[in-house]
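The values are calculated or read from the model by the stated rules, or taken from the named source; none is laboratory data. These numbers come from a predicted model, not from an experiment. Here the Cβ is made from the backbone with ideal geometry for all residues, glycine too, and neighbour counts use every protein chain on show.
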Amino acid sequence: MKTRTFVVVLILVLAVLVIIDGCATSKKAISHEDVVEMFSGTWANLDNPTMGTYANLTQDATEMDWFHNQKFVLTLNKEFRLYHSVDDVMTFMSGKYTVINSWEDRKGNIYCQAMCKAYTGSKFYALWKIDESNTVLEQNFYYGGSGKYPTNIITHDVIEDDLSKTDGRLYYNIYYRQ
């Protein structure tokens with residue numbers, strides 16, 4: 001009888017622990033309007049390679065340089081602007097973004113999945129993350145592919161030559177609030 005009672009109590013305790021763990025890792029939804037406000041601002045990373053200023057691009061620019069800009073601006077009217085160099089006044093690329101999904105994790109990090117459409121017609125499928133201090137923005141985005149959105153931050157680029165095997169080329173950037 002004692003063994004049976006012990007096993008039942010043990011199972012109940014394990015079930016409660018599983019439920020508590022599931023709640024601890026769950027996402028807390030955040031309104032899209034709040035996320036736009038939180039992410040808006042100028043973000044920069046001087047460690048990203050630059051190809052020179054927009055008006056004076058260097059000859060040895062690689063494809064990777066095109067996707068690792070030094071300055072990234074998000075506005076309250078849901079516009080994005082990319083600048084090769086923090087000193088540029090002309091954008092490399094700009095367009096509008098639409099918030100698809102937004103949430104806060106248990107650590108206080110804020111996430112935003114966004115579809116970015118450049119004024120040139122190019123589309124990017126992004127995941128942005130702001131840390132709990134609201135000073136560091138990490139970004140993954142697919143360029144090309146099926147239109148699938150990243151679901152977690154991968155801290156490196158994933159380049160697959162055969163895009164039919166993937167959701168596109170996944171790029172990583174980190175920026176700091178200015």
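Checking each residue in segment 97-114 for being over 11 Å from Y149 (Cβ atoms) and surrounded by fewer than 18 Cβ atoms within 10 Å (Cβ to Cβ) picks out T98, W103, D105, R106, K107, G108, N109. Would you call V136 modelled with pLDDT of 95 or more and touching a helix residue (DSSP H, G or I) at 6+ places or on another chain (Cβ under 6 Å)? So V136 does not fit the description; no. Within the option set K117, K148, being charged (D, E, K, R), at pLDDT 90 or above and either crowded, with 16+ Cβ neighbours inside 10 Å or touching a strand residue (DSSP E or B) at 6+ places or on another chain (Cβ under 9 Å) (or both) holds for one residue only, K117. The residues of segment 75-91 that are among the hydrophobic types (A, V, I, L, M, F, W, C) and surrounded by 17 or more Cβ atoms within 10 Å (Cβ to Cβ), listed by number, are F80, L82. Screening S94 against (1) surrounded by 16 or more Cβ atoms within 10 Å (Cβ to Cβ); (2) modelled with pLDDT under 90 leaves a single unmet condition, (2).
Looking across segment 18-58 at every residue that is part of a strand (DSSP E or B) and at pLDDT 95 or above, the one that is farthest from F80 (Cα to Cα) is identified as A44. Within segment 78-103, the set of residues being outside any strand (DSSP E or B) and over 30 Å from S26 (Cβ atoms) comprises H84, S85, V86, D87, D88, V89, M90, T91, F92.
A single entry from K129, K78 fulfils the requirement of being at pLDDT 95 or above and on the phi > 0 side of the Ramachandran plot: K78. If you scan segment 84-96, which residues turn out to be within 26 Å of G147 (Cβ to Cβ) and either within 13 Å of the chain's Cα centre (by Cα) or of a type outside the set (A, V, I, L, M, F, W, C) (or both)? Matches in segment 84-96: T91, S94, G95, K96.
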